[in-house]
1. Among 68, 190, 219, whose Cα lies farthest out toward the positive end of the dipole of the chain, if unit charges sit on the beta carbon of Lys, Arg (+1) and Asp, Glu (-1)?
2. Projected area of the chain, taken from the Cα convex hull and averaged over every viewing direction, in nm²?
3. What does the accessible area per residue of the chain come to in Å², with a 1.4 Å probe and no ligands, DNA or RNA counted?
4. Can you give me the P(r) profile for segment 1-94? Cα pairs, bins 10 angstrom wide beginning at 0, each as a whole percent.
5. Note down the magnitude of the dipole of segment 1-151 about its Cα centre, charges +1 on Lys and Arg C-beta and -1 on Asp and Glu C-beta and zero elsewhere, to the nearest 20 debye.
6. How far, in degrees from 0 to 90, does helix 250-259 lean away from the longest principal axis of the Cα atoms of the chain, to the nearest 10?
7. Counting each DSSP H run of 4 or more residues in the chain as -39500 (n - 2.57), what helix-only mean residue ellipticity at 222 nm follows after dividing by all residues, to the nearest 500 deg cm²/dmol?
8. Cross-link list 172/249; 182/270; 24/47; 223/250; 47/80; 47/107: which exceed 22 angstrom alpha carbon to alpha carbon?
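The values are calculated or read from the model by the stated rules, or taken from the named source; none is laboratory data. Remember, it's a predicted structure, so these values are computed and weren't measured experimentally. Neighbour counts are summed over all protein chains in view; Cβ atoms, including those assigned to glycine, are modelled from backbone coordinates with ideal geometry. With ligands, DNA and RNA removed, areas are computed over all heavy atoms of the protein, side chains included. Shrake-Rupley method; radii C 1.70, N 1.55, O 1.52, S 1.80 Å.
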Amino acid sequence: MILLQSHSRFLLQTLMNRVQNLEKGVELDYHWVEFDDVRYHIQVSMKNSHVLLLSMSLPTPPPEAIFFGGLPFGAIEAIKAAYGVLVQILDPPRDGFNLTLKLNLSKLPPDEEHRHALLVKIASVREVVLGAPLRVILKQLASRTVAPNMDRLVAIVHRPNESFFLVPQVGKVTVVFPMRFKDSIDIVLATSFLQEFVEARRTAGLNNVPSCLWSSSPPLELKGAPGEALLANAGFVTFVIFPRHVEGKKLDRTVWSLSTFHAYVSYHVKCSEGFMHTRMRRRVESLIQALDRAKPELENSKKTVQSRSFKRLSLNDARTNSKS
């Protein structure tokens, strides 16, 4: 199975090209959209080629998700911790966007390896912003604490008007995903995929990974959630995260894997659908070839019209032939 990368490849490539040609006055104005309706905008002016403006629009949050100033809670602190003096948060952001960052590329470190790692971190701004609430809760799990003002059920946006839920506790965090799909075929494939996903967790080599459950009805952990949030046509997936799953470098991987779990499932559902279509086309082609081989061969010997010569008969000869 393929895991999605945490950084935007197009954003990383654009940043690397800009850094390599920093002394050249080039004007940039790029717009693009990535999965789950996350939109980006990059702008560089000719007057100040060292400064890059990066704007990002997040998925529309559902009513149960908590946003402060258009951003998930903890996002501002996460940006400052990740980028330091390199990035300045503009308030207010550009029209139509939730966040606008002002990057001073001249402040990048001279060391090439360190500079590349920082550019990858900037290209992972989606993970930093959308994963901020999840990171806060999982850090508390690593220290085996729960904030006193934390709600019993926390909703985190991950798709337009959709969220997944966290139940934070001292020794564990329960994560519940209501799985929704628009296409009827995707619903069937996703349901089958998720059931196999749960069965794969029970293999011997995966004893240390988070426990995973699937159910067609809302689990008890979602008691008190809004009614619309409990509508899931492909069931509910539940993960139980323990402190050992967020120790050290595991924290970043766990945050990204949970934040993009629905996109991960959607990707493999579409791949499965494409694979089945390919197999069906190949099967149809093989059947057509078999039918072509079964056609009877055309007769090689066909009756041909032979050329004949006619002799004009006289009236007496015609009467003689008719009497005989």
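1. My answer, from the dipole projection, is 190.
2. Working: hull surface 145.7 nm².
Seen from a random direction, the Cα hull of the chain projects 36.4 nm² on average.
3. Working: 19820 Å² over 324 residues.
Solvent-accessible surface per residue comes out at 61 Å².
4. Values per bin, smallest distances first: 12, 39, 36, 11, 1.
5. Numbers: 15 positive and 15 negative charges, 65 e Å.
Using Cβ point charges on Lys, Arg, Asp and Glu, segment 1-151 gives about 320 debye.
6. So the inclination is approximately 50 degrees.
7. Working: 9 runs with 120 residues, N = 324.
Result for the chain, helices only: -12000 deg cm²/dmol.
8. On the way: 172/249 18 Å; 182/270 13 Å; 24/47 11 Å; 223/250 30 Å; 47/80 27 Å; 47/107 18 Å.
Where the Cα-Cα span goes over 22 Å, the pairs concerned are 223/250; 47/80.
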